[in-house]
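**Q** Here it is, the structure in full.
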Amino acid sequence: MTVGAPVEGARYHIRLGGELAAVGALTVAGQRDLAGRVRAHPDLFAPAPFDAALIGGVAYATACNATGATSAEIRVANRAALWVFALDWQVDTVATAVERVDEIVAGCLAVADGDVPDPGLPLAGFLAEIRDELATSSAAYAGYRSLWREELRRTLVAMAREWDWKSGRATGAGAVLPDLETYLDCADNTGLAWVNLCHWLRTGGPDCLDRLDELRAVGGQVQRVLRLVNDLATYDRDVAWGPGDLNVLMLGVDRAEVTRRVGDLVDGCVRLLAPLRAACPDQASYLARQLGYVTRFYDSGVDFWGEL
């Protein structure tokens, strides 16, 4: 009687169950921490869009990508990801004038420079918490603080740039919409590259820090994938939420072309990851999991945001 295959199959499922349990435990811990941040910043998190599913979704995504990490190690990444959602909401939906967008950018960059947050800017207060958490938990933060600020600046500037595009589209004031390449160049507005850097500064050793440039190059491509697959999945929502909302499918690009570009970007990520698997396997695995997560999550038709 042959028992090898059934035994190995059972062992595989036992290992899989253990991995899923670890992800579940990290998700629960992360969700509780993020729920605490939401309660601490009621002016920043409107209950409808920032529902329990969004908070849990953020925690679950980080837990899936950062397998092997502890709840303490992924706290910064979780909070940074939630902060990006808050930034997106404040710029994309709440801000009605360019002056407010400029205030957000300036206030957040001041915090990145070490200033006390402006009490009239809730985003700055939450960002200061993330900055201070990194400063106390990451031995690498002090040496890479300028890079952290630059990645944050890129996110803020990209958010403001898209606000300009959307504002012009909503008002019809001679707006010139971007082409596909220009739109993808603005993918820093997803904030993914900044969140990743927060995570690597918190958890990475010398093998990671020595290869930050290569890791960031892959992460930059992953966030382009995220930008496109998010647009494909949320087009109907973008149409419904307001005349100013922008989506790649509103730029004269059809789904087939966007899908082809996603495939090209994924192939490019795989090639860039290959030499990193031996040099910094944990970070390469993190990016590979992240790439798989963003493509399959949005392919399911589910969205992070709650109903308005």
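The values are calculated or read from the model by the stated rules, or taken from the named source; none is laboratory data. All values derive from a computational prediction rather than experimental measurement. Every residue, glycine among them, receives a Cβ derived from its backbone with ideal geometry; neighbour counts consider all protein chains shown.
**Q** Within the range 75-127, track down each residue that is in a loop (DSSP other than H, G, I, E, B) and not polar (S, T, N, Q).
**A** Going residue by residue through the range 75-127, those that are in a loop (DSSP other than H, G, I, E, B) are 95-97, 113-121.
Correct list: 95, 97, 113, 114, 115, 116, 117, 118, 119, 120, 121.
**Q** Of the conditions (1) at pLDDT below 95; (2) closer than 25 Å to residue 165 by Cβ; (3) in contact with a helix residue (DSSP H, G or I) (Cβ under 8 Å, 6 or more places away or on another chain), residue 97 satisfies every one except a single condition; which number is it?
**A** (3)
**Q** Hey, residue 236 hits all of (1) exposed (fewer than 14 other Cβ atoms within 10 Å of the Cβ); (2) under 19 Å from residue 65 (Cα atoms) but one; which does it fall short on?
**A** Of (1) exposed (fewer than 14 other Cβ atoms within 10 Å of the Cβ); (2) under 19 Å from residue 65 (Cα atoms), only one is false for residue 236: (2).
**Q** I'd like to check something: does the range 165-175 contain any residue that is β-branched (Val, Ile, Thr) and either closer than 22 Å to residue 58 by Cβ or not in a helix (DSSP H, G or I) (or both)?
**A** Going residue by residue through the range 165-175, those that are β-branched (Val, Ile, Thr) are 171.
If we keep only those that are either closer than 22 Å to residue 58 by Cβ or not in a helix (DSSP H, G or I) (or both) too, we end up with none.
Looking for residues that are β-branched (Val, Ile, Thr) and either closer than 22 Å to residue 58 by Cβ or not in a helix (DSSP H, G or I) (or both), one finds none in the range 165-175, hence no.
**Q** Let me ask something additional. Please go through the range 16-43 and pick out each residue that is in contact with a Phe, Trp or Tyr (Cβ under 6 Å, 6 or more places away or on another chain) and touching a residue at least 60 places away in the same chain (Cβ under 8 Å).
**A** Quick first cut of the range 16-43, residues in contact with a Phe, Trp or Tyr (Cβ under 6 Å, 6 or more places away or on another chain) only: 27, 38, 41.
Selection gives 41 alone.
**Q** A further question on this structure: Residue 231 is checked against (1) more than 17 Å from residue 298 (Cα to Cα); (2) touching a residue at least 24 places away in the same chain (Cβ under 8 Å) and fails just one. What number does that condition carry?
**A** Of everything listed in (1) more than 17 Å from residue 298 (Cα to Cα); (2) touching a residue at least 24 places away in the same chain (Cβ under 8 Å), residue 231 misses just condition (1).
**Q** While we're here: If a residue must be acidic (Asp, Glu), at pLDDT below 95 and surrounded by 17 or more Cβ atoms within 10 Å (Cβ to Cβ), how many such residues does the range 145-171 contain?
**A** First pass over the range 145-171, keeping only residues acidic (Asp, Glu): 150-151, 162, 164.
Then drop every residue that is not at pLDDT below 95, which leaves 162, 164.
From what's left, surrounded by 17 or more Cβ atoms within 10 Å (Cβ to Cβ): 162.
Residues meeting the conditions: 1.
**Q** Which condition breaks for residue 220 when tested against (1) assigned to a helix (DSSP H, G or I); (2) among the small types (Gly, Ala, Ser); (3) at pLDDT below 95; (4) touching a helix residue (DSSP H, G or I) at 6+ places or on another chain (Cβ under 7 Å)?
**A** The failed condition is (3).
**Q** Continuing with the same structure: Output the residues belonging to the range 212-248 that are more than 16 Å from residue 151 (Cβ to Cβ) and either more than 20 Å from the chain's Cα centre (by Cα) or of a type in the set (Gly, Ala, Ser) (or both).
**A** Scanning the range 212-248 gives 233, 236, 239, 240, 241, 242, 243, 244.
**Q** Considering only residues that are within 18 Å of residue 192 (Cα to Cα) and over 14 Å from the mean Cα position of the chain (by Cα), which ones fall in the range 31-74?
**A** In the first step, residues of the range 31-74 are kept if they are within 18 Å of residue 192 (Cα to Cα); the result is 34, 54-67, 73-74.
Across the range 31-74, the qualifying residues are 34, 56, 67, 73.
**Q** Within the range 129-139, identify whether any single residue is more than 30 Å from residue 168 (Cα to Cα) and not in a helix (DSSP H, G or I), and answer yes or no.
**A** Let us first name the residues in the range 129-139 that are more than 30 Å from residue 168 (Cα to Cα), namely 129-139.
Retained after the next criterion (residues that are not in a helix (DSSP H, G or I)): 138-139.
Taking every residue of the range 129-139 in turn, at least one turns out to be more than 30 Å from residue 168 (Cα to Cα) and not in a helix (DSSP H, G or I).
**Q** Please go through (1) at positive phi; (2) of a type outside the set (Phe, Trp, Tyr); (3) in contact with an Asp or Glu (Cβ under 8 Å, 6 or more places away or on another chain) for residue 114 and return the number of the only condition it doesn't satisfy.
**A** In the conditions (1) at positive phi; (2) of a type outside the set (Phe, Trp, Tyr); (3) in contact with an Asp or Glu (Cβ under 8 Å, 6 or more places away or on another chain), residue 114 misses (3) alone.
**Q** Right, next: Scanning the range 65-92 for residues that are out of contact with any Gly (no Cβ under 8 Å at 6 or more places or on another chain) and among the hydroxyl-bearing types (Ser, Thr, Tyr), which turns out farthest from residue 163 (Cα to Cα)?
**A** Step by step, filter the range 65-92, then rank; the result is 70.
**Q** Among the residues of the range 49-66, which ones are outside any loop (DSSP other than H, G, I, E, B) and of a type in the set (A, V, I, L, M)? Show your work before the answer.
**A** Residues of the range 49-66 outside any loop (DSSP other than H, G, I, E, B): 52-65.
Correct list: 52, 53, 54, 55, 58, 59, 61, 63.
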